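Taking it in order: structure first as structure tokens, then the write-up.
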Amino acid sequence: MAAGKPPARRALVAALALLATLAAPAAAQAPAPDAELRALKQELVALNRDLFLLEEELLFPASTQVAVYLSMDVGKYFALDAVEVAINDERVAKYLYTEREVDALHRGGVHRLYLGNLKTGPHELVAVLVGRGPQGREYRRAASLQFEKGLGPQQLELVLRDSEALQQPTFQVRTWE
Amino acid sequence: MIRGGLTLLATLGATVLAAPAAAQPPAAAPPVVQDLAWGEVLFRHYQEDRMGALVRLDVAETRDELAHHAGEARLLQGGLYLAWGLREEAARIFRALLAAGAPPEQQDQAWYWLARIHHERSEHDAALAALARIGDDLPKPMAADRLDLESRVLLALGRYDEVVRLLADHRQPGAWSAYADFNRAVALARTGATGPAAELLDRLGRGRAPTEELALLQDRANLALGLARLDAGDATGARAALDRVRLDGPYAGRALLAAGWAEAERERYRAALGPWTKLAALGDADGASLEAMLAVPWAWHQVDEPGQSVLGYRRAAEASEAELARLATAVQAAQGDELLELALADPEEPPVVAGPLPAYLYALAVDHPFRAVAADLRDLEALRENLLEWRRSLGALRDMVEARRARFAQVAPQAEQRLADDGLEALATRHQAASARLEAIRAAGDPAALASPGERALLARIDALRARIAALPAGADRERLDERLRRAEGALAWQLNHEWPARLHAAERALRAADRALATAREQRESLAASLAAGPAGFEGYDERIDAAAARVDQLLARVEADQGRRFGELRALAIEELQRREQRVAAYLGQARFALAAAYDQAVQPRAARGDEPPPAPGTTP
């Protein structure tokens, strides 16, 4: 380059072409992995599925299986911190939620917080939710349910909902068929 | 890759929640979840546990647990595969959804995702055709994605006029709006309308960006505008735009370099020293600093400051030599294990390896092949960890099955013996006989049958005494004794009659209790027998399944590790190639600096009149 002259420069088209490689938020995309990695990913999903089924069948057979889930809506009146679950007076689960998990719950996610075994017959579940109320004060809510464990798997859901009428959260336990 | 993945995931969220996280606030209320399994999938998906969500989806499908969310589940599954780079699998899922006659809203979403897959594969005509299949049922929050995709597809096809029309007066929400403006500016510039394009960029580059993503776009707009104005001879305007580029952003180096040239263009060489000196001090790893180090002494020369110029070229030569030494260290590190450590580390976290290598690798452009291979290596490592975890779990499951078998072998004989020896049938027979006897006693109304052992002894004595009295000679004594015996007999009969109802009730109650006890014993026996029968189900057949699974794990692990080795070889070659390219560039800078230094010395020792206007060679820098 001759001295005293500005360096080579590009026109607007070239400048934009240079910079427009990521012209949209969705344009940044995962590169396609090579064929072997793609095959491995698919086979890993299938393997995990089969092992998930095997493990559950072995550890929690349908005849004795009991699962406890938690779901919640937007959490206007209650910010969830933790949940404790007792079955027949024995504590079987205590779970502390991260912000990310609470966000996933707010968006419709359902958390399976306990999976165990129970004999057929009558049982009692007691769940205690710990969190913060509208003024940021600690808040505890409890709910219980008497249920009859049948021959098939038993699914119970702890449901936390905001009640606009009561201006506070409602908490109940429901059974799934 | 990470950033792209997150953006894609945010958009995928929209397919479920009908609210793109990237562009709009979260939905006011979550969707109604009618299948617990679907809720579980969402719980994992929203935590960006892609594989967990895919596995749970597969399990739910196998168990037929998604009766109310089958279509949504397929859309999410396709989207997750797409985000994971499995475009063919994703396309297969979306096509299957369309073939199955999904509801219009889901069909429109499937067409959108197919269009996106075609675009990613550079099949832009097919992408446009898929976009044309989208009807009026695409969820509203996805309209922004669709418009954005359509504009990018048209840009890729070179149909710039259509992009200009498509994005004219667009109402893209939030962050989408800035991207639409940028793309429109690109299209306008391509059609030759550089004035309107520059206006658009100027508007885009002003103000305070609310997010890092938009700040980056703003930097890009300002840099593009600055370069364009510089090219058009508007150095003042160029400097104004270039000064808006953030100094802590990835475009700072190019902006500072161009800002210096904007001043040099106007022969304001001292003003050019400002941005160039700043850039030279940054010491960045992309080479712009070294370019600035050569530009600084060139500017000093222009203002007839040969001393400063010589000093500057000497500094540039020293810096280039130091840079070459750093690059040599980096090449050495790239030949060892440090490279793998760096590749596997989270790119968003601070470097895990000391030395100069991380800085060079982190400075690579987002679309540099190194990043794609490093991302694949991180995926492979995650797969490897998953397989190792299963290998441990399968070992534990095998132990558990063995423990169950051993326990069964220990307790089963005892239980079988208990079943054989419990005498339950004999007891049941006795219970039946007792019931029959009590029934007969009640029917006969015989109170003596329920006499206590003492009373039975008395009755026997009375019978014996009666026989002895009867054997006495007749007379007063015999009558007296007979009378006394009758009185005693009467008293006993009264007592037996008096006690009869209570004794009958007690006997019946005792029989009922025995009946209940027998029923309980029978239940326990049945339960024990059932446990004995079911016991083998807790271990039989599992050995084979666990062994088969373990073999699959081992086989996949071997493939994953082989692929890791292969990809790591590629990564190393890419890294070294890149570092060597830098070495060549820096060596060229060093050559320029030394040559310019020699020329500057020559000129310094010649009388000014003898030098004429011949300056030292200028740096071959470009903004």
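We did not get these values from a lab; they are worked out from the coordinates using the rules stated. Computed from a prediction, not measured in an experiment: that's the story for all the values here. Heads up, the Cβs are rebuilt from the backbone with ideal geometry, glycines too, and the neighbour counts pull from every protein chain shown.
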Legend entry - Average other protein chain Cβ within 10 Å of Cβ, residues B:85-94: 3
Legend entry - Residue-by-residue Karplus 3J(HN,Hα) for segment B:320-337, coefficients 6.51, -1.76, 1.60, Hz, glycine and proline x: 5, 5, 5, 5, 4, 5, 4, 5, 5, 4, 5, 4, 4, 5, 5, 8, x, 6
Legend entry - Area projected by the alpha carbon convex hull of chain B, averaged over all directions, nm²: 49.0 nm²
Legend entry - Positive-end residue, segment B:144-285 charge dipole about Cα centroid, Cβ charges, pick of B:ALA156, B:PRO210, B:ALA272: B:ALA272
Inset, instruction - Using only the C-alpha atoms of segment B:342-381, find the volume of their convex hull and express it per residue in Å³. - result: 63 Å³
Inset, instruction - Starting at the first residue of segment B:381-386, write each ³J(HN,Hα) from the Karplus equation 6.51 cos²θ - 1.76 cosθ + 1.60 with θ = phi - 60°, in whole Hz, x for Gly and Pro. - result: 5, 5, 5, 5, 4, 4
Legend entry - Taking all pairs of distinct alpha-carbon atoms in segment B:464-566, Kirkwood radius in angstrom: 22.4 Å
Legend entry - 5 angstrom amide H check on A:ASP81, placed H, neighbours 5+ away: A:VAL130, A:GLY131, A:ARG132
Inset, instruction - For a quick protection proxy, order the peptides B:158-168, B:131-141 by their average other-Cβ count within 10 Å, most packed first. - result: B:158-168, B:131-141
Inset, instruction - Take peptide A:51-58, look around each residue's Cβ out to 10 angstrom, count Cβ atoms belonging to other protein chains, and average those counts. - result: 6
Legend entry - Computed over segment B:423-521: relative contact order in percent, which uses C-alpha pairs under 8 Å that are six or more apart: 46 percent
Inset, instruction - Consider just the alpha-carbon atoms of segment B:303-360 and return their Rg together with their Dmax, both in angstrom. - result: 16.9, 52
Legend entry - Cα-only Debye scattering, segment B:429-508: base-10 log of I(q)/I(0) at q = 0.20, 0.22, 0.26 Å⁻¹: -0.89, -0.98, -1.18
Legend entry - Other-chain or far-sequence residues with amide H under 5 Å of A:VAL92's (modelled H): A:VAL85, A:ALA86, A:ILE87
Legend entry - Where only C-alpha atoms are counted, convex hull volume of segment A:64-176 per residue in Å³: 95 Å³
Inset, instruction - Report, by chain and number, residues whose modeled amide H sits under 5 Å from the one on A:THR170, excluding near sequence neighbours (fewer than 5 apart, same chain). - result: A:ARG161, A:ASP162, A:SER163
Inset, instruction - Return the sequence-ordered ³J(HN,Hα) values of segment A:82-95 in whole Hz as given by the Karplus equation 6.51 cos²θ - 1.76 cosθ + 1.60 applied to θ = phi - 60°, using x for Gly and Pro. - result: 8, 9, 10, 10, 10, 10, 6, 6, 10, 5, 10, 7, 9, 9
Inset, instruction - Report relative contact order for segment A:64-176 in percent, whole number only (criteria: Cα-Cα under 8 Å, sequence separation at least 6). - result: 35 percent
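Provide the packing ranking of B:106-117, B:263-274, i.e. peptides ordered by the mean count of other C-beta atoms within 10 Å per residue, highest first.
On the way: B:106-117: 24.2, B:263-274: 18.8.
The packing order, highest mean first, is B:106-117, B:263-274.
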Inset, instruction - Calculate the mean, over all residues of peptide A:103-116, of how many other protein chain Cβ atoms lie within 10 angstrom of the residue's Cβ. - result: 6
Legend entry - lysines whose Cα lies under 23 Å from that of B:LYS278, excluding same-chain neighbours fewer than 8 positions away: A:LYS5
Inset, instruction - Grab the DSSP H runs of chain B that are 4 residues or longer, score each as -39,500 (n - 2.57), total them, divide by all residues and round the 222 nm result to the nearest 500 deg cm²/dmol. - result: -26000 deg cm²/dmol
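Sorting check: for B:469-479, B:365-375, B:436-446, which peptide has the highest mean count of neighbouring beta carbons within 10 Å, and how do the rest follow?
Working: B:469-479: 10.1, B:365-375: 17.5, B:436-446: 12.5.
Highest to lowest by the protection proxy: B:365-375, B:436-446, B:469-479.
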Legend entry - Separation of alpha-carbon centers, segment B:422-463 and segment A:109-125, rounded to whole Å: 51 Å
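Counting every Cα pair in segment B:407-458, what percent are over 12 Å apart? Can you show the working numbers first?
Details: 986 of 1326 pairs.
Of all Cα-Cα distances in segment B:407-458, 74 percent exceed 12 Å.
Translational D (Stokes-Einstein, µm²/s) of the protein assembly as shown at 4 °C and 1.567 mPa s when Rh comes from the Kirkwood sum over C-alpha pairs?
38 µm²/s
Using the crude model of +1 on Lys and Arg Cβ and -1 on Asp and Glu Cβ, and no other charge, please compute the dipole size for the protein assembly as shown relative to its Cα centre, in debye to 20.
On the way: 96 positive and 113 negative charges, 245 e Å.
Magnitude of the dipole: close to 1180 debye.
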